[in-house]
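First the structure, in the form of structure tokens, and then the observations on it.
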């Protein structure tokens, strides 16, 4: 199958059917076979794995992974690409190919995608759910973020994404890339950048560098968050005005629910001074602050 991953093959197939890659949908195809194999190998595929792929494209990654896993649910929004992918993948019998948007909205995955994954998880004893994908840039953040809020938590997520996003997810406190997404992912997972990739390994070439990011969900970390939905909302609100002092952000986020003396007392209990900002708090400090606020609000 190596020919299917080359730029010349993709260009020829697109020309045959009169298509051009759609930039609006982030259609940049990874055409370096070594990197495709690295992406597949990094997820450590096994026969008990149910793999979700968002962005089937021409089925290049699908064709590598499907023989190694229990089942693949692969999602493609583009009708023409879905048809081309079916032609490439016709001989594989452990694939569910869905033509739809993987997202219902920016905060939720499409329920039909989750239902398809759940059906396959139920069919395999001891199944593990993994996301493995060359993610379209325009949906990478909501896919990664929202999968940590679904009833079916992935064992791992191995994805190619924009390097800038990979830097944000893995960023330490105090740097410019540190964000609500950094804390949301790091509070529940162990994440590492496996490889940085130049634009030349894609067709068409994007204008930015990309990275293979490997995220492994850590159950022990997740158990330390009593209310993940509240925590998710809390963290995003703390970074809504990242340069403002944390006291002002808390007062704005919980207007009419927390008074100034209450906010001051909470911050003092957490050892946070008046000059503290959200971007300087590490994951444990943000978790502790969130739980202090949540506990205080529940007493009202």
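Read the figures in this text as sums done on the coordinates, not as results from a lab. Keep in mind it's a predicted model, so treat the numbers as computed, not measured. When we count neighbours, we look across all protein chains shown, and the Cβ atoms used for this are built from the backbone with ideal geometry, even at glycine.
Please find the FRET efficiency linking residue 80 to residue 34, where r is the Cβ-Cβ separation and R0 is fixed at 22 Å, and quote it to the nearest 0.05. The calculated FRET efficiency here is 0.20. Shape of the stretch 228-298 from the C-alpha gyration tensor: rounded (a/c under 1.5, with a ≥ b ≥ c the square roots of its eigenvalues). Helix 111-123 and the long axis of the chain differ in direction by around 70°, with both axes built from C-alpha atoms.
Counting only the Cα atoms, the stretch 164-300 fills a convex hull of 121 Å³ per residue. The alpha-carbon atoms of the stretch 74-147, seen along their principal axes, cover 35, 34, 19 angstrom, with the largest extent given first. Extending 7 Å from the Cα toward the beta-carbon at both residue 92 and residue 221 defines two label points whose distance is 2.9 nm.
Between 0 and 90 degrees, the angle of helix 79-89 with respect to the longest Cα principal axis of the chain falls at about 60 degrees. Of 22, 93, the sequence from fewest to most neighbouring Cβ atoms within 10 angstrom is 93, 22. Based on the Stokes-Einstein relation at 25 °C and a viscosity of 0.890 mPa s, and on the Kirkwood radius from alpha carbon pairs, the stretch 1-92 is assigned a translational diffusion coefficient of 180 µm²/s.
With the highest mean first, a sort of the peptides 197-203, 127-133, 216-222 on other beta-carbon atoms found within 10 angstrom per residue produces 127-133, 197-203, 216-222. Take the Cα radius of gyration of the stretch 97-185 and divide it by 2.2 N^0.38 Å, N being the number of residues; the result is 1.16. Maximal additional length on extending the residue 269-residue 125 stretch stands at 47.1 nm, based on 0.36 nm per residue less the C-alpha distance. Label-to-label distance, residue 106 versus residue 228, with points set 7 angstrom from Cα along the beta-carbon direction: 2.2 nm. Gain on full extension, evaluated as 0.36 nm per residue between residue 176 and residue 256 minus their Cα-Cα distance, stands at 25.7 nm.
Averaging the sequence gap over all C-alpha pairs within less than 8 Å and six or more residues apart, then dividing by the number of residues, gives the chain a relative contact order of 15 percent. According to the calculation over all Cα-Cα pairs in the chain, the P(r) per 20 Å bin from zero is 32, 50, 16, 1 %. The helix-only estimate of mean residue ellipticity at 222 nm for the chain, built from DSSP H runs of length n ≥ 4 each weighted as -39500 (n - 2.57), is -12000 deg cm²/dmol after division by the residue total.
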